[in-house]
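Visitor: Sending over a structure as structure tokens; questions will come in a sec.
The values are calculated or read from the model by the stated rules, or taken from the named source; none is laboratory data. Quick caveat: nothing in here was measured; it's all calculated off a predicted structure. Every residue, glycine among them, receives a Cβ derived from its backbone with ideal geometry; neighbour counts consider all protein chains shown. Surface areas here come from the heavy atoms of the whole protein model, side chains and all, with no ligands, DNA or RNA. Shrake-Rupley method; radii C 1.70, N 1.55, O 1.52, S 1.80 Å.
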Amino acid sequence: MLSELRTMWEIFKHSFTKADTVQYPEEMPYLAPRYRGRIVLTRDPDGEERCVACNLCAAVCPVDCIALQKDTREDGTWYPEFFRINFSRCIMCGMCEEACPTYAIQLTPDFEMCEYDRQNMVYEKENLLINGVGKYPEYNFYRVSGMQTAFKDKGEGPNEARPIDTKSLLP
Amino acid sequence: MLPVLLALAILLGGVAGAAVLTWWERRLLGFWQDRYGPNRLGPFGIGQVLADMIKLLTKDDWVPPFADKVVFIFAPTAIVVAMMMGFAVVPFAPGVMIIDVNIGLLFFLGMTSLAVYSVLLGGLASNNKYALLGGLRSAAQMVSYEVFMGLSLMGVVMMSDSFSLVDIVEAQTNVWFCFSQALGLLVFVIAGIAESHRLPFDLPEAEHELTAGFHTEYGGMKFAMFMLGEYLGLMLISCMIVTLFFGGWLGPAYIGHWLPPIAWFGLKVFFVINFFVLLRAAIPRPRYDQLMSLGWKVMLPITLVNLVITGAVLLWMEGGI
């Protein structure tokens, strides 16, 4: 009996506390910079697409919401011919961002993606690509990867050594 | 003519009050749980009442094929009718009541007991295991609280020497019965919660265990009528607590004349309703064997002790002992 009265008193004291609710549309909640929201595809500092169409994001995606097709440019670099994310499936887990070797796919603090038509939740590459570098402003995969492209031979990038001629290494 | 108009006003007022109460309770619960509750539609969210009404009225009026059709439809009407009838004897203010019968208290007890049948029949007619369990619990609850609910009021009857609610209010002109009948008040409040199936004693509903208990199969307006009955019951029990223990329309003695009687009545009922909502916010639901043992082992002895003491004191004051 006494504990019931005490409970009632404790609850009654909450008459004088402020509500914890954030009145969302009028008052935006604080979203951390690393909040996992809408997915974007970033560009490297030269303005080219970072995505190399390696398919790791699609492979790691637990709900299979990512679809893409690889194609090769004339300079030898890879890029996705199409890149499609079905946001009505996406669970914003961020595993694609972890898997991405080139920092291309990134999650942003934006969750306001309401549509009346479900088909509108499917984002194509032109909807996903942004004109910016995202979280890693310096990084440019083809400049540091040691891969031969039209604008750079093997070993010419920063922190790279020339390839070793295995034949001349023979004793 | 006047009693008819008054009856109509009380009928409409009861329904409107129950509707507003759904909103008020949700706001108040939110208030005590550090959130807002429905606050978007209209000033302070009161438009929520209208939205709920539209939603419930436009829903499909569906009877499950496996249910006992006649009883299934009858059950929700019974609770509303019974609770509405209970309002017939409530003295809101001197002259503002539908009828002053000399057995008003018995009439009230009878009508609230009839309302329990609605829950029982609803549970039985649904032909659903959860609904049946809800009805079963309702029956178990009924046998355990009806006894001490009636007995707890006998102290009041002894002190005012009448079953008429007007006489009972007038007997409290000097001292309200909440002081002299404190034990009776305690027991009656607990029985009243059980009677109107409010938390913490909403065992027939018990949404955590029985999905929705006796009204699992109900939807649309039939469900709304159960809810209406519940809130009418809440208001009726609050009116009764005020009438029997807190002096009805009377203000506090000597200083209570600056408000009209109806305002005093409304104010007190408002406080009692808020107290019931606080109970709902604060206290968890007991198991139904716990409720029954509380009823038989604690509440019934308390009531009997209260009766004996009241009788002895009354006899002593009249010089009988």
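Visitor: Give me the distance between the Cα centres of the range B:67-106 and the range B:281-312, rounded to whole Å.
Guide: Measuring centre to centre over Cα atoms gives 26 Å.
Visitor: What are the semi-axes of the equivalent ellipsoid of the protein assembly as shown, taken as the square roots of 5 times the eigenvalues of the Cα gyration tensor, listed largest first and rounded to whole Å?
Guide: Largest first, the protein assembly as shown gives 71, 24, 22 Å.
Visitor: Label 7 Å along Cα→Cβ of A:D64; the range A:78-113 residues with amide nitrogen under 14 Å?
Guide: A:86, A:89-90
Visitor: Nearest 10 degrees is fine. How inclined is helix B:47-57 to the longest principal axis of chain B, computing both from alpha carbons?
Guide: Result, in degrees: 60.
Visitor: Another question about this same structure. Treating the Cα atoms of the range B:230-272 as identical point scatterers in vacuum, please give the log10 of the normalised Debye intensity I(q)/I(0) at q = 0.17 Å⁻¹, two decimals.
Guide: Log10 of I(q)/I(0), two decimals: -0.42.
Visitor: So if I place +1 on the C-beta of Lys and Arg and -1 on the C-beta of Asp and Glu, and nothing else carries charge, what would the dipole magnitude of the range B:40-168 be about its Cα centre? I want it in debye, nearest 20.
Guide: Values: 6 positive and 8 negative charges, 113 e Å.
Taking the Cα centre of the range B:40-168 as origin, the dipole is about 540 debye.
Visitor: Something else now. For chain B, restrict the atom set to alpha-carbon positions and state the Rg and Dmax in Å.
Guide: Cα-based Rg and Dmax for chain B come out at 20.0, 67 Å.
Visitor: Moving on to the next point. Shape of the range B:110-151 from its Cα gyration tensor (a ≥ b ≥ c, root eigenvalues): rounded if a/c is under 1.5, otherwise prolate when a/b > b/c, or oblate? Spell out each step's value before the answer.
Guide: Numbers: a/c = 5.31, a/b = 1.96, b/c = 2.71.
Oblate.
Visitor: Under the definition of Cα pairs under 8 Å and six or more residues apart, what whole-number percent is the relative contact order of chain A?
Guide: Working: 251 pairs, mean separation 42.5, N = 171.
Once normalised by length, the contact order is 25 percent.
Visitor: For the range A:10-73, taking Cα atoms only, what is the radius of gyration to one decimal and the Dmax to the nearest whole Å?
Guide: Cα radius of gyration and Dmax of the range A:10-73 are 21.7, 69 Å respectively.
Visitor: Per the Kirkwood treatment, what hydrodynamic radius in Å, one decimal, follows for the range A:50-171 from the mean inverse distance over all distinct Cα pairs? Walk me through the intermediate numbers first.
Guide: Values: mean 1/r = 0.0603 Å⁻¹.
So the Kirkwood estimate lands at 16.6 Å.
Visitor: Which percent of the accessible heavy-atom area of the range B:200-254 goes to carbon and sulfur, probe 1.4 angstrom?
Guide: Details: 970 of 1430 Å².
C and S fraction of accessible area: 68 percent.
Visitor: Same structure again: To make sure I understand the rule: partners must be lysines, Cα under 16 Å from the Cα of B:K59, and not fewer than 8 residues away in the same chain. Which ones qualify?
Guide: The qualifying lysines are B:K222.
Visitor: Okay, next question. Which one, B:I46, B:L8, B:W62, is farthest towards the positive end of the dipole of the range B:1-97 when Lys and Arg carry +1 and Asp and Glu -1 on their Cβ?
Guide: B:I46
Visitor: Counting only protein heavy atoms and rolling a 1.4 Å probe, how much accessible area do B and A lose on contact, total for both sides, in Å² to 100?
Guide: Details: alone 15270 and 12100 Å², together 26000 Å².
Its buried surface, counting both partners, is about 1400 Å².
Visitor: With the radius of gyration and the Kirkwood radius both derived from the Cα set of the range B:176-321, what is their ratio Rg to Rh?
Guide: Numbers: Rg = 18.3 Å, Rh = 17.4 Å.
When Rh is taken as the Kirkwood radius, the ratio is 1.05.
Visitor: If you don't mind, another one. How far is helix B:182-195 tilted, in degrees, relative to the longest principal axis of the Cα atoms in chain B, given as a value from 0 to 90 rounded to the nearest 10?
Guide: Orientation of helix B:182-195: about 20 degrees from the principal axis.
Visitor: With only alpha-carbon atoms in the gyration tensor, what are the semi-axes of the equivalent ellipsoid for the range B:1-113, in Å, largest first? It would help to have the intermediate numbers written out before the result.
Guide: Details: eigenvalues 171, 113, 40 Å².
Over the Cα atoms of the range B:1-113, the ellipsoid semi-axes are 29, 24, 14 Å.
Visitor: Once label points are set 7 Å from the Cα along Cα→Cβ at both B:V20 and B:V298, what is their separation, rounded to one decimal in nm?
Guide: If labels sit at B:V20 and B:V298, their model points lie 3.5 nm apart.
Visitor: Tell me, what is the percent relative contact order of chain B, built from C-alpha pairs under 8 Å that lie six or more residues apart? Write out the running numbers ahead of the final one.
Guide: Details: 478 pairs, mean separation 74.1, N = 321.
Relative contact order comes out at 23 percent.
Visitor: For chain A, find the longest principal axis of its Cα atoms and tell me its angle to the long axis of helix A:2-13, 0 to 90°, nearest 10.
Guide: Compared with the principal axis, the helix lies near 70 degrees.
Visitor: Separate question: Note down the Stokes-Einstein diffusion coefficient of the range B:53-177 in µm²/s, whole number, using a Kirkwood radius over alpha carbon pairs, 10 °C, and 1.306 mPa s. List each step's numbers first, then the result.
Guide: Values: Rh = 16.9 Å.
Approximately 94 µm²/s, per Stokes-Einstein.
Visitor: Right, something else. Just the projected area, averaged over all directions, of the convex hull on the alpha carbon atoms of the range B:195-237: how many nm²? Display every interim value, and only then the final one.
Guide: Numbers: hull surface 11.7 nm².
The orientation-averaged projected area of the Cα hull of the range B:195-237 comes to 2.9 nm².
Visitor: Is there a simple number for the mean count of other chain Cβ atoms within 10 Å of the Cβ of residues in A:6-19, and what is it? Walk me through the intermediate numbers first.
Guide: Working: counts 1, 5, 6, 2, 1, 9, 5, 1, 6, 4, 0, 3, 1, 8.
Counting Cβ atoms of other protein chains within 10 Å of each residue's Cβ and averaging gives 4.
Visitor: Also, quick follow-up: Just the Kirkwood number for the range B:161-258, please: inverse of mean 1/r across all distinct Cα pairs, in Å, one decimal. Don't skip to the end; give the middle numbers.
Guide: Values: mean 1/r = 0.0649 Å⁻¹.
Kirkwood hydrodynamic radius for the range B:161-258: 15.4 Å.
Visitor: Here's a follow-up. What is the mean number of Cβ atoms from other protein chains located within 10 Å of the Cβ atom of each residue in peptide B:24-31, rounded to a whole number?
Guide: Average per residue, whole number: 1.
Visitor: Mind putting a number on the dipole of the protein assembly as shown about its Cα centre? Charges go on the C-beta only, +1 for Lys and Arg and -1 for Asp and Glu, and I need it in Debye to the nearest 20.
Guide: Values: 36 positive and 47 negative charges, 100 e Å.
Rounded to the nearest 20 debye, it is 480 debye.
Visitor: With every protein chain left in place, what is the accessible area per residue of the range A:42-91 in square angstrom, probe 1.4 Å? Numbers along the way, then the final one.
Guide: On the way: 2530 Å² over 50 residues.
Using a 1.4 Å probe on heavy atoms only, each residue of the range A:42-91 averages 51 Å².
Visitor: Below 15 angstrom from the Cβ of B:R27, what's the summed charge of the other residues (Lys, Arg +1; Asp, Glu -1)? Display every interim value, and only then the final one.
Guide: Values: positive: B:R26, B:R35, B:R40, B:R280; negative: B:E25, B:D34, B:D52.
In short, +1.
Visitor: Then there is this: Among A:N120, A:N86, A:V63, flag the residue with its Cα farthest along the positive direction of the charge dipole of chain A, charges on Cβ as +1 for Lys/Arg and -1 for Asp/Glu.
Guide: Toward the positive end, the furthest listed residue is A:V63.
Visitor: Given a cut-off of under 8 Å on Cα pairs at least six residues apart, what relative contact order in percent is computed for the range B:76-185? Don't skip to the end; give the middle numbers.
Guide: On the way: 108 pairs, mean separation 29.1, N = 110.
Result for the range B:76-185 is 26 percent.
Visitor: I've got another one for you. Determine the residues within the range B:276-320 where the difference in accessible area between the chain on its own and the full set of protein chains amounts to at least 40 Å²; count protein heavy atoms only and use a 1.4 Å probe.
Guide: For the range B:276-320, once contacts with the other chains are taken into account, B:L278, B:A282, B:I283 lose 40 Å² or more.
Visitor: How many Å² of accessible area per residue for the range B:14-53, probe 1.4 Å?
Guide: Working: 1990 Å² over 40 residues.
Spelled out: the 1.4 Å probe surface of the range B:14-53, per residue, equals 50 Å².
Visitor: Here is a follow-up. Loop-only check: which trypsin sites (Lys or Arg not before Pro) in the range A:20-79 are DSSP coil with at most 14 other Cβ within 10 angstrom?
Guide: Values: sites: A:R34, A:R36, A:R38, A:R43, A:R50, A:K70, A:R73; in loops: A:R34, A:R36, A:R38, A:R50, A:R73.
Listed in order of number, the matching sites are A:R34, A:R73.
Visitor: In the calculated pair distance distribution of the range A:1-108, what percentage of Cα-Cα distances lie above 22 Å?
Guide: The answer is 52 percent, as a whole percent.
Visitor: How large is the charge dipole for chain A, taken about the Cα centre, if only the Cβ atoms of Lys, Arg (+1) and Asp, Glu (-1) carry charge, to the nearest 20 debye? Provide the component values of the computation, followed by the final result.
Guide: Values: 20 positive and 27 negative charges, 92 e Å.
Dipole magnitude for chain A comes out near 440 debye.
Visitor: Expressed as a whole percentage, what fraction of the accessible surface of the range A:21-171 belongs to carbon and sulfur atoms when a 1.4 Å probe is rolled over the protein heavy atoms?
Guide: Details: 4880 of 9670 Å².
Carbon and sulfur atoms account for 50 percent of the accessible area of the range A:21-171.
Visitor: Right, next: If the label point is 7 Å along Cα→Cβ of B:F74, which residues in the range B:116-143 have backbone nitrogen under 17 Å from it?
Guide: Hits in the range B:116-143 for B:F74 at 17 Å: B:116-127.
Visitor: Among B:Y218, B:Y288, B:V116, flag the residue with its Cα farthest along the positive direction of the charge dipole of chain B, charges on Cβ as +1 for Lys/Arg and -1 for Asp/Glu.
Guide: Farthest along the dipole direction, towards plus: B:Y218.
Visitor: What is the projected area of the convex hull of the Cα atoms of the range B:11-67, averaged over all directions, in nm²?
Guide: On the way: hull surface 23.5 nm².
The directionally averaged projection comes out at 5.9 nm².
Visitor: Still on this structure: Report, as an integer, the average count of C-beta atoms from other chains found within 10 Å of each Cβ along B:36-47. Could the numbers behind the result be given before it?
Guide: Details: counts 4, 2, 0, 3, 2, 0, 0, 0, 0, 0, 0, 0.
Per-residue shielding by partner chains comes out at 1.
Visitor: Obtain the nm distance between the two label points defined at A:R118 and B:I262 by a simple spin-label model: each point lies 7 Å from its Cα along the Cα-to-C-beta direction.
Guide: In this crude label model, A:R118 to B:I262 measures out at 5.6 nm.
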